[in-house]
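Structure first, then comments.
None of the figures in this text is laboratory data; all of them are computed from the coordinates on show. If you're wondering where the values come from, they're calculated on a predicted model, not measured in any experiment. We place every Cβ from the backbone using ideal geometry, glycine too, and count neighbours over all the protein chains shown.
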Amino acid sequence: MSDDINLRFELHPAQLEVFTDSARFIVLVAGRRFGKSYLACIRAIVSATSPENSKRKPVWIVAPVFSIAKTVYWQLLLDLAAPLITNANVNEGVVTLRNGVQIAIKGSDRPDTLRGVGLFDVILDEFASMKSEVWESIIRPSLSDVKGRALFIGTPAGRNHFFALYEAAMEDESGEWSAYRFTSLANPYLPTGEVEAARRTMSSAIFRQEYEASFETGGGSIIKPEWIKYRDDEPPKGEFIVAADLAGFEEVAKATTSRLRRLDQTVIPVVKVLDDGAWWVRDIHIGRWGPKETAKRIVDILADETVKSRAFGMEKGSLFNAVMPYIIDEANSKDRKTSVYVNARPLTHENRAKIDRITWALAGRFEHGRISFRRASWNSEAVDQIVNFPSKLVHDDVPDALAYIEQLARDLVFGEFDEKSEEDSRYWRPMDDDIGF
């Protein structure tokens, strides 16, 4: 490039943080009005004029639809790169710079125009609205010749391939990937009150997605975010129940840091079932521990004088058998002032699919305000799993564990029927107004 041309671009701090990141592949999740399009244009211009692009490979900005891509980017690109442009083909959405490098605006809806070209840099805008194959089968191979770079930008659209890519970038340990997530408020130039004005006129779920850059599964979820209630003071009358949904201990021991986030979690909810049948969730312990540490946490909960659990249960099977000896040892440990009596009730899936069992146990209770949470650090993780259930990209250990609370509470009331014969059991059924059964 000629030394007599100097371009000056201004970026707000969050944009600058992304722009200066040297990772080869960057995933940027941001709310509306963050300034993603402006950042994309500046990156494209700087990449196109970079001395590292010695082979003069093109730089692309790819959006889901070509016509919309032109509407968003064409005039902005012309304005920002004006002193450098020697030719502009408006029909094709291509500008040629003084160094011969082309910046092209593309649409993933025209896949034939994306094949067979080696690229120095590519920005994929609103990647959540593209097919994942666009990156995997077309764009990624085009970067191989010169080890080209890529920036994925967009607003979340549920837990889809964009979410999976963001999670993978967060877990990457090679240094090749980076990930960022910013709300709209990260843009200091956003007009005062704009976000709050939007909050007042939009549904809470859409607002979180569009302005808070929150990955939500949308209409497919069973339990809605607005059904989540909180209560800080402990209700006076009721009985505490504790359940444990155990994760695979061997997997935890072998897992690398990058895989750990994808493993199932051990979840231990501590719930006060009130006299009127409502639930107050005092604690939800969430983590990945070995059998000995899991046993210690369980016994610590059961030994807590403020809990005095009426019932405790774990899913029966190999994990129950693996952790139970450690629980017995811990309950009678010499390090404890007094021994702890542990009567662990084996819990079952009751021959029902997980989605049916969790829906039956929780959906009606949440909808009718019959479950409330104590405000605590575990709220965010627990609520995220609950409101996004069912989703293959979100853990479901918390709703699964809470469904076991329902089973334990029911057993307390109807346990006397357990001793009756199978023939007698045909003549009774538990009734529950909360879930309509």
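Contact order, relative form, for region 13-210: 31 percent (alpha carbon pairs under 8 Å, 6 or more residues apart, mean separation divided by residue count).
Charging the Cβ of each Asp and Glu at -1 and of each Lys and Arg at +1, and nothing else, the dipole of region 225-427 about its Cα centre rounds to 560 debye. Of all lysines in the structure, those lying under 17 Å Cα to Cα from Lys316, and not within fewer than 8 positions of it along the same chain, are Lys354. Taking the charge dipole of the chain about its Cα centre, with +1 at Lys and Arg Cβ atoms and -1 at Asp and Glu Cβ atoms, the residue from Leu77, Asn388, Ala295 reaching farthest to the positive side is Leu77. Computed from the C-beta positions of Leu185 and Ala164, the FRET efficiency with R₀ = 25 Å rounds to 0.45. Over 18 Å apart at the Cα level, from the set Lys296/Lys337; Lys55/Lys147; Lys237/Lys272; Lys308/Lys334; Lys57/Lys131; Lys36/Lys57, are Lys308/Lys334; Lys57/Lys131; Lys36/Lys57.
One entry in [x] 22, 42, 26, 10, 0; [y] 23, 53, 22, 2, 0; [z] 23, 56, 21, 1 is P(r) over Cα pairs in 20 Å bins from 0, in percent calculated from the shown coordinates; its label is [x]. Answer rounded, prolate or oblate for region 225-427, using the Cα gyration tensor with square roots of eigenvalues a ≥ b ≥ c: rounded when a/c is under 1.5, else prolate when a/b is larger than b/c, else oblate. Rounded. From least to most packed, judged by other beta carbons within 10 angstrom and beginning with the fewest, Ser333, Ser309 follow the order Ser333, Ser309. With R₀ set to 51 Å, the beta-carbon distance separating Ala82 from Asp300 gives a calculated FRET efficiency near 0.15. The charge dipole of region 13-210, taken about its Cα centre with unit charges on the Cβ atoms of Lys, Arg (+1), Asp and Glu (-1) only, comes to about 360 debye.
If only the Cβ of Lys and Arg carry +1 and only the Cβ of Asp and Glu carry -1, the dipole of the chain around its Cα centre is close to 1060 debye.
Considering only alpha-carbon pairs that sit under 8 angstrom and 6 or more positions apart, the relative contact order computed for region 225-427 is 29 percent.
For the chain, relative contact order (Cα pairs under 8 Å, six or more residues apart, normalised by length) works out to 15 percent.
Relative to the dominant Cα principal axis of the chain, helix 66-81 is inclined by about 60°.
Taking the number of Cβ atoms within 10 Å of each Cβ as an exposure proxy, the fewest-first ranking of Asp400, Asp172 is Asp172, Asp400.
Label separation (Asp264 vs Lys131): 3.5 nm, computed from points 7 Å beyond Cα along the C-beta direction. For the listed peptides 139-145, 335-341, 297-303, a ranking on the average number of other beta carbons within 10 Å per residue, highest first, reads 297-303, 139-145, 335-341. Evaluating kT/(6 pi eta Rh) at 4 °C and 1.567 mPa s, with the Kirkwood radius of region 146-214 over Cα pairs in the Stokes-Einstein relation, gives 93 µm² s⁻¹. Once the Cα-Cα distance is subtracted from the 0.36 nm per residue extended length, the Arg352 to Asn99 segment shows a gain of 84.5 nm.
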